[in-house]
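The values are calculated or read from the model by the stated rules, or taken from the named source; none is laboratory data. Model, not experiment: these values are computed from the prediction. Here Cβ is always computed from backbone atoms with ideal geometry, including for glycine, and neighbour counts include all displayed protein chains. Surface accessibility is based on the protein's heavy atoms, side chains included, excluding ligands, DNA and RNA. Shrake-Rupley method; radii C 1.70, N 1.55, O 1.52, S 1.80 Å.
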Amino acid sequence: MYDTNLLAKSTGASLGVVALVGVLFLSTGTAFAMPVAGIGGFQIQADSIEGDDLLLYPGLADGSNEDDYPHSIVELRNNEIEDLRLTKTLDLSDYSDSVDGRARLVIESGGTVTIDRLLLKTPKLSADEATFSGLEISESDSDTLEESFSIRAPSDPPDTRQIELDGGSNPGLEMTDANIRATYLATDEITLPDLELKFQYDSDDDGDYEYT
């Protein structure tokens, strides 16, 4: 398993409604968790995501209404993301007695986003297509949830029982039209070309954001 302590270096900034933006993506050591309805989370969408040395394992993470909710924890290296869009919707009545409606924070990058190392906690992930290289799925007799089950790509198993595996090659994971619900994301460094930030307001909570 990778050195998650290094991956989890963060700004340590509190998560305000608007002020969080400056510390989310515009600095290295990025880490954030943002609550919405249900267990909490924000939406990550991308035309494609590629990453080396995939490691996926179960874990627990906090949401807005749930503590220690089961999540998948994903670690990747040398990531490239095409046309990233991150969306966070906020019910303003949860934060103010004088303001109603919803606000939507949208962060978009029109080019290739590059990330050295990435740690993601997600209860739900989907893609039109996913390609794994040298996939290995394994479980172990462990009292630790994070060590009980894992998915790796490329794999480098210590032994093989029925077939010969060479460990595959990188990128270990490729996804197209990815749609990820996440509660936490940490990177050691991230580059976002053509960055655009929009803070949108739906005053009457009808789903139409009149102010952008």
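The table for this structure:
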read-out: When residues of region 25-75 are limited to those that are at pLDDT 85 or above and of a type in the set (A, V, I, L, M), the one farthest from residue 170 (Cα to Cα); value: 44
read-out: Close pairs (7 angstrom Cβ cut-off, 6 or more residues apart or separate chains): on the phi > 0 side of the Ramachandran plot in region 170-183, outside any loop (DSSP other than H, G, I, E, B) and open to solvent by 10 Å² or more (accessible area, probe 1.4 Å) anywhere; value: 177/47
read-out: Pair list, Cβ < 7 Å and 6+ apart or interchain, from region 39-61 residues that are among the acidic types (Asp, Glu) to residues that are in a loop (DSSP other than H, G, I, E, B); value: 50/171; 52/170; 52/171; 52/172; 53/170; 53/172
read-out: Residue within region 48-70 that is in contact with a His (Cβ under 6 Å, 6 or more places away or on another chain), farther than 22 Å from residue 197 by Cα and buried (at least 18 other Cβ atoms within 10 Å of the Cβ) present; value: yes
read-out: Count of region 107-142 residues which are outside any strand (DSSP E or B), of a type outside the set (A, V, I, L, M, F, W, C) and at pLDDT 90 or above; value: 1
read-out: Any hit, region 101-120, residues being among the hydrophobic types (A, V, I, L, M, F, W, C) and without any contact (Cβ under 8 Å) to a residue 60 or more places away in the chain; value: no
read-out: Filter result (open to solvent by less than 20 Å² (accessible area, probe 1.4 Å), in contact with an Asp or Glu (Cβ under 9 Å, 6 or more places away or on another chain) and hydrophobic (A, V, I, L, M, F, W, C)) within region 71-104; value: 73, 76, 81, 84, 86, 103
read-out: Residue within region 167-180 that is within 26 Å of the chain's Cα centre (by Cα), at pLDDT 85 or above, exposed (fewer than 14 other Cβ atoms within 10 Å of the Cβ) and part of a loop (DSSP other than H, G, I, E, B) present; value: no
read-out: Sole exception among (1) without any contact (Cβ under 8 Å) to a residue 24 or more places away in the chain; (2) β-branched (Val, Ile, Thr); (3) in a strand (DSSP E or B) for residue 87, by number; value: (1)
